[in-house]
1. Which count do you get for residues in segment 15-63 that are assigned to a helix (DSSP H, G or I) and among the hydrophobic types (A, V, I, L, M, F, W, C)?
2. Taking the stated definitions as given, is residue 122 of a type in the set (A, V, I, L, M, F, W, C), out of contact with any strand residue (DSSP E or B) (no Cβ under 7 Å at 6 or more places or on another chain), touching a residue at least 40 places away in the same chain (Cβ under 8 Å) and not in a loop (DSSP other than H, G, I, E, B)?
3. Would you point out which residue out of 146, 174, 101, 170 is modelled with pLDDT under 95 and closer than 23 Å to residue 23 by Cβ?
4. Could you list all residues from segment 127-144 that are touching an Asp or Glu at 6+ places or on another chain (Cβ under 7 Å) and either touching a residue at least 40 places away in the same chain (Cβ under 8 Å) or surrounded by fewer than 21 Cβ atoms within 10 Å (Cβ to Cβ) (or both)?
5. Does at least one position in segment 182-200 carry a residue that is within 17 Å of residue 30 (Cβ to Cβ) and of a type in the set (Lys, Arg)?
6. Checking residue 130 against (1) within 18 Å of the chain's Cα centre (by Cα); (2) part of a loop (DSSP other than H, G, I, E, B); (3) within 27 Å of residue 74 (Cα to Cα), which test does it fail?
7. I'm trying to understand the selection: among the residues of segment 158-177, which are more than 13 Å from the chain's Cα centre (by Cα) and surrounded by 15 or more Cβ atoms within 10 Å (Cβ to Cβ)?
8. Exactly one of these conditions fails for residue 156: (1) closer than 24 Å to residue 26 by Cβ; (2) in a loop (DSSP other than H, G, I, E, B); (3) at pLDDT 95 or above. Give me its number.
Amino acid sequence: MTDTDHDPAGEIRLSRPILILVADGFADWEIALLTAAAPDYYGADVRLSSLDGGEVTSMGGLRVTGVDRFAPTGTEVVVVCGGVGFEAQDGPQLIARMGPPLRQARADGAAIAGICAGVRVLADAGLLDGKRHTSNNSDWLNAVAPGYAGSDLHVDQPQALRDGDTVTAPGTAPVSFAAEVLAVAGLPAAHADKFRGYLGAEHGARRQPGPAA
């Protein structure tokens, strides 16, 4: 991305803040473009939160202090980040605790998004029922969230998928996930397309040969 993509005049006004729900062991790369690029380039209001607030540590060892307690108002795009915490011994309890406040956020009008294991949290909470969605793959999601009611609407694809105000993605798709979350937050389509193009350009470019051994 270039300096010309900044919005110093404040012409872009996102209609929703972005509230990211994390837990210990969160996958920091899955939300990096939302926590850094989105505020810098588009003036997005992005906040990290956890169920109890305080301090969390990412999979990469990044320690984050002063994290807000998760308290959505219904105006946000609520993003559930994946991570190894959901696979820990107390992972099922953690997922069960997240369900009620996520369902309440949805009932209050929040848009909902999940990436990687965050999709599992949404499935367990019943927030994918009636919504087209994707994940790491359908076999994985059915294994970790057996019996979730939305499985017939699962779409296996490598990019994020948006159905109305619900966004889901495999853990390998942080670029398209960030673009779809920003679109739900109010980023104009042309800017969202540029975002995808800049950050995905390396994957479409022909690989240049390296120096001879």
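1. 8
2. no
3. Unique residue meeting the criteria: 146.
4. 131, 132, 137, 138
5. Scanning segment 182-200 turns up at least one residue that is within 17 Å of residue 30 (Cβ to Cβ) and of a type in the set (Lys, Arg).
6. (1)
7. Passing the criteria: only 163.
8. (1)
The values are calculated or read from the model by the stated rules, or taken from the named source; none is laboratory data. Note that the coordinates shown come from a computational prediction; the quantities given were computed from them, not determined experimentally. Ideal geometry is used to build each Cβ from the backbone, glycine not excepted, and the neighbour counts take in all protein chains shown.
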